[in-house]
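First up is the structure itself, then whatever we jot down about it.
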Amino acid sequence: MSIPQQAVCPQCGGTGWKEIESGGARRVTRCDCVVGARAQKLLERARIPARYEHCEFASFEPGYAGPNKALDKALFEARRFVEEYPVESNGLLFIGPIGVGKTHLAVSIIKELIAGKGVSCLFYDYRELLKQIQNSYNPQEPTTEMQVLRPVFDAEVLALDELGAVKPTEWVWDTVSHILNTRYNNKRTTIITTNYPDQAAGETARRSFSQSEAARAAARDETLGDRIGERMRSRLHEMCKLVEMQGVDFRQKVHKASRRDF
């Protein structure tokens, strides 16, 4: 059965390779059609939610509420990370309040890495990941804990969204420790977003969760250290570069603007 003419790539004639000239010599390289097909498969496997499929660097708007140096810097750091990867393989930890674009930048990074460098990436909402792991303990579920975790461990770049969004318990602390330590030991790159501020400087590290510690955390604004444990917060500083983001909640601003339009 012959391949329809329109299905054959005009650059490579269906071979998957194209000739290029480099330094006066001619050589072959993978055709754009092959690179594009691989990128599409990687994008489908990345699990980017439909809500964030539009997210790209070009659509990030740090100046929608006026000049904002913090958001400009965050965009700069995200772009630079993509440009320097894999030479620079330390991840990024985006910290800031709701609606400033942390997830937007995380998704933009993995989309750029997939499209431009063919990197295997995976996006996971922290809450959804923990829920899937818990569900795997049900004997009636066909998926095992390791089947859930293996892609998380193996992804070349993991974007973990909303870290700390689940109420801390011993199980939560053990699980997040297992995930982050495994990726750290395997030298995998992790991009993280969180709404919780970094641990206040000078506060004594805590080794285990207790009711008294929960009471202390409840008496003030909780930090990332409260939510995932001080040991893991410290580990994140080894794994990621901290990028703090401050600004107006973009979603609330858009919602208010849309209400005025009616």
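Would you check if LEU92 is within 25 Å of ASN186 (Cα to Cα) and in contact with a helix residue (DSSP H, G or I) (Cβ under 8 Å, 6 or more places away or on another chain)?
yes
Could you check how many residues of region 161-181 are within 25 Å of TYR52 (Cβ to Cβ) and surrounded by fewer than 18 Cβ atoms within 10 Å (Cβ to Cβ)?
Here the count works out to 2.
With touching a residue at least 40 places away in the same chain (Cβ under 8 Å) and either surrounded by 15 or more Cβ atoms within 10 Å (Cβ to Cβ) or in contact with an Asp or Glu (Cβ under 7 Å, 6 or more places away or on another chain) (or both) as the only criterion, which of LEU130, LEU158 stands out?
Within the list LEU130, LEU158, the selection yields LEU130.
Looking only at residues that are farther than 14 Å from LYS111 by Cβ and of a type outside the set (A, V, I, L, M) in region 52-66, which one is modelled with the highest pLDDT?
Ranking the candidates gives GLU61 first.
If I ask for residues that are under 11 Å from LEU93 (Cα atoms) and either assigned to a strand (DSSP E or B) or modelled with pLDDT under 50 (or both), which ones from region 234-262 would you list? If you could, list the steps in order and put the result at the bottom.
To start, the set of residues in region 234-262 that are under 11 Å from LEU93 (Cα atoms) comprises 236-245.
The answer is CYS240, LYS241, LEU242, VAL243, GLU244.
Output yes when any residue across region 82-91 is in contact with a Ser or Thr (Cβ under 7 Å, 6 or more places away or on another chain), at pLDDT below 95 and not basic (Lys, Arg), and no when none is.
Yes, region 82-91 contains at least one residue that is in contact with a Ser or Thr (Cβ under 7 Å, 6 or more places away or on another chain), at pLDDT below 95 and not basic (Lys, Arg).
Does any residue in region 101-117 that is touching a residue at least 24 places away in the same chain (Cβ under 8 Å) and farther than 12 Å from ALA46 by Cβ come within less than 6 Å, Cβ to Cβ, of a residue that is acidic (Asp, Glu) and part of a helix (DSSP H, G or I) six or more places away or on a different chain, and which pairs are these?
Note: no pairs meet the criteria.
The values are calculated or read from the model by the stated rules, or taken from the named source; none is laboratory data. Here the structure is a predicted model, which is why all the values come from computation and not from measurement. All Cβ positions, glycine included, derive from the backbone under ideal geometry; neighbour counts span all protein chains shown.
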